[in-house]
Amino acid sequence: MRLWLAHRPEVSLREQLATQVTLGILCGELGPGQRLPSTRELARRFRLHPNTVSAGYRRLEREGWLEFRRGSGVYVRRKRPRGSATPAVALDELIADFFGAARRLHVPLAKVRARLRQCLESQPPDRFVVIEPDEELRRIVAAEIRQAVSVPVESCGLGDGRLAEAITGANPVALPSKVNAVRKALPPGVELIALRVRSVPSSLAGWLPAPANALVGVASRWPRFMKLARVVLVAAGFDPNQLIFRDARKRNWHRGLREAAVVVCDCVTAEALPKTMRPVVFRVLSEQSLEELRDYERFLKGPAQGAL
């Protein structure tokens, strides 16, 4: 069996030796009863202190992988340690098989390391990032997604110079009206999830028919939300004189809303409303779109998450 030992501070030489011998046993390169190089031989070959080699061998003896035979040397035990078929050992077996295959193909160690580093850096994303030029809309969409999934959700604009950093290790998402612009800004090959917005009929289903003489507040930090709400509510039969509009970015924006039967708002503004007020949250994203993100989250986590 070939050993690789590097004098690096990140991983001790004893750990390198113990790990490689264990992997050699797991992948079959070191068979039951096979004799290992002596402590002096390894110390001379790799310019190590004999105590370093001895400590690595003694650790493997304690773990049940090796046995010392007086006057003969160090040998692989004929039986694997009891309880070795753990998830951690199963992972070690996969790693051992990988390195064994690489050696059989005569792949240089430097190339193996480079490919491993490349694969580790290109792992599936572990969070979502909302890409949206409008800052207030960006906050609302990110908040709605956070309420639907458990993975981290971040947000980023298109022209603030943070895009490349924001999408590293993340899966970008965008509203349908911004998908084309966002795709042009992303590097080739980066996957983009197109979000879907909630239909007006489904959003108004619980409000119709419009109640007579009921005062309705409309509040948001996003100016377009209030414009859309006015159009939608009036089209649904609400009298414009029944509507009170408040810009949540302004000071004392709560004033006058206490008299309203309900306050129509986005999910971010709803969190800032006094507890005495009744919010009716107008969602931007469709339930179908949120369910797609949940499905994607389940795919990223995988069925065996938490097994190790």
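Can you find, among GLN16, PRO125, LEU42, the residue sitting farthest towards the positive end of the charge dipole of the chain, where Lys and Arg contribute +1 and Asp and Glu -1 at Cβ? The Cα lying farthest towards the positive end belongs to LEU42.
Based on alpha-carbon centroids, what's the gap between region 248-273 and region 49-64 in Å, whole number please? Their Cα centres are 68 Å away from one another. The modelled label-to-label distance between ASP134 and ARG249, using points 7 Å beyond Cα along the C-beta direction, is 1.2 nm. Overall size of the chain from C-alpha positions, given as principal axis extents largest first: 100, 40, 33 Å. Straightening the chain between ALA235 and ARG113 buys 37.6 nm, computed as 0.36 nm per residue apart minus the Cα-Cα spacing.
Treating the beta-carbon of each Lys and Arg as +1 and of each Asp and Glu as -1, no other charges, what is the dipole magnitude of the chain about its Cα centre, to the nearest 20 debye? Walk me through the numbers on the way to the answer.
Values: 50 positive and 31 negative charges, 304 e Å.
Result for the chain is approximately 1460 debye, rounded to the nearest 20.
When all alpha carbon pairs of region 200-281 are counted in 5 Å bins from zero, the resulting P(r) reads 3, 16, 30, 28, 17, 6, 1 %.
Could you grab the relative contact order for region 226-280? Cα pairs under 8 Å, six or more apart, rounded to a whole percent.
Details: 33 pairs, mean separation 13.6, N = 55.
That works out to 25 percent.
Pull up the cross-link candidates among the aspartates and glutamates for LYS79, meaning alpha carbon to alpha carbon under 20 Å and not fewer than 8 places away within one chain. LYS79 reaches GLU29, GLU61, GLU63, GLU67, ASP92, GLU93, ASP97.
Projecting the Cα atoms of PHE225, CYS267, GLY28 onto the dipole axis of the chain, where Lys and Arg carry +1 and Asp and Glu carry -1 at the beta carbon, places GLY28 farthest toward the positive end.
When Rg and the Kirkwood radius Rh are both evaluated on Cα atoms of region 13-121, their ratio Rg/Rh stands at 0.99. The relative contact order of the chain comes to 13 percent, based on Cα pairs under 8 Å that sit 6 or more residues apart.
Could you calculate the contour length gain from ARG294 to LYS184, that is, 0.36 nm times the residue separation minus the distance between their Cα atoms, to one decimal place in nm? Present the calculation step by step, with values, prior to reporting the outcome.
Values: separation 110, 0.36 × 110 = 39.60 nm, distance 2.60 nm.
Value of the extension gain: 37.0 nm.
What is the local net charge at GLN288, summed over the other residues whose Cβ is closer than 14 Å to its Cβ (Lys, Arg +1; Asp, Glu -1)? Intermediate values should be presented prior to the final figure.
Values: positive: ARG196, ARG198, ARG283, ARG294; negative: GLU144, GLU287, GLU291, GLU292, ASP295.
Around GLN288, the charge tally is -1.
Bear in mind these aren't lab numbers, they're just calculated from the coordinates by the rules spelled out. In this text, all values refer to a predicted model and were calculated from it rather than measured experimentally. Positions of Cβ are generated from backbone atoms using ideal geometry, with glycine treated the same way; all protein chains shown enter the neighbour counts.
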